[in-house]
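The values are calculated or read from the model by the stated rules, or taken from the named source; none is laboratory data. Worth saying up front: this structure is predicted, and the values here are computed from it rather than measured. When we count neighbours, we look across all protein chains shown, and the Cβ atoms used for this are built from the backbone with ideal geometry, even at glycine. Surface accessibility is based on the protein's heavy atoms, side chains included, excluding ligands, DNA and RNA. Shrake-Rupley method; radii C 1.70, N 1.55, O 1.52, S 1.80 Å.
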Protein chains: 2
Amino acid sequence: MRSFLIIGNKASTKPFNLNDIPGAGRMDIICRSIAQALFISHGIRKDVEVYALLLGEPEPPKVVLIKGDEVKRMSPDERNIAAHIKKALALNASSDWKRVQSGVYVAKKSIEELLREIGQRYEIYYLREDGKDIEEVAKEIHNPLFIIGDHLGLLAEQEKVVMSYAKEILSVSKISIMAEQCVVICNYVLDKFGR
Amino acid sequence: MRSFLIIGNKASTKPFNLNDIPGAGRMDIICRSIAQALFISHGIRKDVEVYALLLGEPEPPKVVLIKGDEVKRMSPDERNIAAHIKKALALNASSDWKRVQSGVYVAKKSIEELLREIGQRYEIYYLREDGKDIEEVAKEIHNPLFIIGDHLGLLAEQEKVVMSYAKEILSVSKISIMAEQCVVICNYVLDKFGR
């Protein structure tokens, strides 16, 4: 399995206008990260799951989970993925996972609650520009959860929680690139090293 | 300079509905490829230009050119980039480049006409799964134009034209990935090797 956790510090936690996806707290970044994690040409990576932690108003925190081996009728364009998230946000989320539709789940969890629940299942790698080059350790990566910030990065208190679970801080580029580009490079490097 | 030519075999050549970007001949692939070529976190790569060759109905062929060092008011979400392309498609295109707005140009050119015009300016690399690993030759790449197909790939007659200009066929992945993922990996590898 490969897993990704994308943190949207301003991403909307209620249904939003599909004609203004960036206006929903940069939900476009979340949508593109999900697309790049899951999709290849004419298919979905069945061994990938993506957690999107949405921390914008009015009901933070919420987590939307998408499982590649279950999800149906999803396509890689932003609007399609946004529509799935919108549907998840219309449900009354609680601390237990609720199934929105095949392969899509929603729950009300903070980053601390989420990592307390799932942190033991994965090798957790926090992606940050000043981390160790992912290619140096790629051969040893096993069942990773990559944690990636949005355009705002991670806040200090989020980093503290993440670091208490993280195996290592990894970098995928010396320049500051977009979240979805980090996702593509993680997949590229893991594919290349046969992980 | 780094340049990309994305070929959209069905991509619309007239203004289209921004609420159904995939319905415009998979214009979403074109938009994502442009976004991934140009944008980094909080910025645009000024040394990148992207040619989008649109070959769908009703007025093929058209080429939209976006120059990273000139373009303004563009953001990486699909709808924003689609709106720029839509504006370009509303103009009466001719064989000469017409300026749509700062950094965006449109012309009526086939792949043969386009490569005849610009082919000598670049080292042309055709991206195909069975090509040579891009990392093997990355150090020697200079002023590249990467040619990338959409979900349909290149047709036989297009490949023939491309191969008459191409320096080499390169591969960025052993698995069949999406056009915009190829773009991200090209940027990643060139960044890594300082090209």
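Computed values, structure above
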| quantity | calculated |
| --- | --- |
| Near pairs, Cβ below 6 angstrom, 6+ apart or cross-chain, from the stretch A:84-98 (under 16 Å from A:Glu70 (Cα atoms)) to any residue that is modelled with pLDDT of 95 or more and small (Gly, Ala, Ser) | A:Trp97/A:Ala107 |
| Contacts under 6 angstrom Cβ, first residue in the stretch A:1-19 being over 19 Å from A:Ala35 (Cβ atoms) and touching a residue at least 24 places away in the same chain (Cβ under 8 Å), partner aliphatic (A, V, I, L, M) and open to solvent by 20 Å² or more (accessible area, probe 1.4 Å), 6 or more apart | A:Asn9/A:Leu55; A:Asn9/A:Leu152; A:Pro15/A:Ala90 |
| Residue that is farthest from the other protein chains (Cβ to nearest Cβ), among those in the stretch B:183-194 that are crowded, with 22+ Cβ neighbours inside 10 Å and among the hydrophobic types (A, V, I, L, M, F, W, C) | B:Cys186 |
| Search result, residues across the stretch B:1-23 that are under 20 Å from A:Asp28 (Cα atoms) and more than 9 Å from chain A (Cβ to nearest Cβ) | B:Asn17, B:Gly23 |
| Subset of the stretch B:66-83 that is touching a residue at least 40 places away in the same chain (Cβ under 8 Å) and in contact with a Phe, Trp or Tyr (Cβ under 8 Å, 6 or more places away or on another chain) - its residue that is farthest from the other protein chains (Cβ to nearest Cβ) | B:Ala82 |
| Subset tally (residues that are in contact with a His (Cβ under 9 Å, 6 or more places away or on another chain) and at positive phi) for the stretch B:104-150 | 0 |
| Output for the stretch A:150-167, where each listed residue is closer than 21 Å to A:Met27 by Cα and part of a loop (DSSP other than H, G, I, E, B) | A:Asp150, A:His151, A:Leu152, A:Gly153, A:Leu154, A:Leu155 |
| Selection count, the stretch A:159-182, where residues are aliphatic (A, V, I, L, M) and more than 9 Å from every other protein chain (Cβ to nearest Cβ) | 6 |
| Residue list for the stretch A:37-53, restricted to those being within 10 Å of the chain's Cα centre (by Cα) and open to solvent by less than 10 Å² (accessible area, probe 1.4 Å) | A:Ala37, A:Val50, A:Tyr51, A:Ala52, A:Leu53 |
| Verdict on A:Ser12 being part of a helix (DSSP H, G or I) and either small (Gly, Ala, Ser) or more than 14 Å from A:Gly149 (Cα to Cα) (or both) | no |
| Residue within the stretch A:25-35 that is open to solvent by less than 10 Å² (accessible area, probe 1.4 Å), part of a loop (DSSP other than H, G, I, E, B) and not small (Gly, Ala, Ser) present | no |
| Options A:Lys160, A:Lys109, A:Lys174, A:Lys167: the member that is crowded, with 20+ Cβ neighbours inside 10 Å, of a type in the set (Lys, Arg) and farther than 25 Å from A:Ser41 by Cα | A:Lys109 |
| Residue list for the stretch A:117-157, filter: among the charged types (D, E, K, R) and either surrounded by 14 or more Cβ atoms within 10 Å (Cβ to Cβ) or touching a Phe, Trp or Tyr at 6+ places or on another chain (Cβ under 7 Å) (or both) | A:Glu117, A:Glu123, A:Arg128, A:Glu129, A:Asp133, A:Glu135, A:Lys139, A:Asp150 |
